[in-house]
1. Which residue, of Gly76, Gly126, Gly83, is loosely packed, with under 10 Cβ neighbours inside 10 Å, of a type outside the set (D, E, K, R) and closer than 24 Å to His28 by Cβ?
2. Scan region 57-66 for residues that are part of a loop (DSSP other than H, G, I, E, B) and closer than 18 Å to Tyr6 by Cβ and jot them down.
3. Which one of these is modelled with pLDDT of 90 or more, surrounded by 14 or more Cβ atoms within 10 Å (Cβ to Cβ) and more than 12 Å from Glu8 (Cα to Cα): Pro41, Pro46?
4. Name every residue in region 5-38 that is of a type in the set (S, T, N, Q) and either in a helix (DSSP H, G or I) or surrounded by 15 or more Cβ atoms within 10 Å (Cβ to Cβ) (or both), in order of residue number.
5. Residue under question is Ala114, and the condition is that it be surrounded by fewer than 16 Cβ atoms within 10 Å (Cβ to Cβ) and in a helix (DSSP H, G or I); does it hold?
6. Kindly list, by first and then second residue, each pair from a residue in region 1-22 that is under 20 Å from Ile97 (Cβ atoms) to a residue that is crowded, with 16+ Cβ neighbours inside 10 Å and of a type in the set (Lys, Arg), limited to pairs with Cβ atoms under 8 Å and residues at least 6 apart or on different chains.
7. Give just the number: which of (1) basic (Lys, Arg); (2) touching a residue at least 60 places away in the same chain (Cβ under 8 Å); (3) over 30 Å from Pro46 (Cβ atoms) does Arg78 not satisfy?
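The values are calculated or read from the model by the stated rules, or taken from the named source; none is laboratory data. The model shown is predicted, which means the values in this text are computed figures rather than measured ones. Cβ sites come from the backbone with ideal geometry, for glycine too, and all protein chains shown count toward neighbours.
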Amino acid sequence: MSTSFYFECLDHQPSITSDEISQHDDHHVQAAIRMATGADPIPDDPYEVLQGFELEAAVFLRQHPDCPLVLIDEYGNRRLIPGRGEDKARAAVERAIAFQEAQQGRFEEKAADADRRAAAMKALLGLPEMTP
């Protein structure tokens, strides 16, 4: 079983996700993180010297040189990348979680409101209440 990994740039709304940078290969993930943290240089023209996952990582990093990034897997699990705006990334992830929780709350409120309206309509029409 493989797990795909991507970079996610949190400086945009909505966030921008890279093409796949690894597929359950720690070597490619570590190479991408080394480029993201500056431990390994990103070639000036990555198309000339890189290929595959490393090329995808380098191109995305060139397009987002100073943006806060996280590493995200295909299941939505995020990991902070040292030196890539951890504070800003952490805050963005917390905002995303809060937004998802608010959306869920609005959905639950709408469902409860719809149930109340349906019950009122049934009462108005004299229909019997149905119980599960």
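1. Gly76
2. Passing the criteria: His64, Pro65.
3. Pro46
4. Residues of region 5-38 of a type in the set (S, T, N, Q): 13, 15, 17-18, 22-23, 30, 37.
Matches in region 5-38: Ser15, Ser18, Ser22, Gln30, Thr37.
5. yes
6. Qualifying pairs under 8 Å: Glu8/Arg78.
7. Going through the list (1) basic (Lys, Arg); (2) touching a residue at least 60 places away in the same chain (Cβ under 8 Å); (3) over 30 Å from Pro46 (Cβ atoms), Arg78 breaks only (3).
Table: residues versus (1) under 18 Å from Thr17 (Cα atoms); (2) acidic (Asp, Glu); (3) in a strand (DSSP E or B); (4) touching a strand residue (DSSP E or B) at 6+ places or on another chain (Cβ under 7 Å).
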residue	(1), (2), (3), (4)
Asp40	no, yes, no, no
Pro43	no, no, no, no
Leu55	yes, no, no, no
Val70	yes, no, yes, yes
Lys88	yes, no, no, no
Ala91	yes, no, no, no
Phe99	no, no, no, no
Arg106	no, no, no, no
Glu109	no, yes, no, no
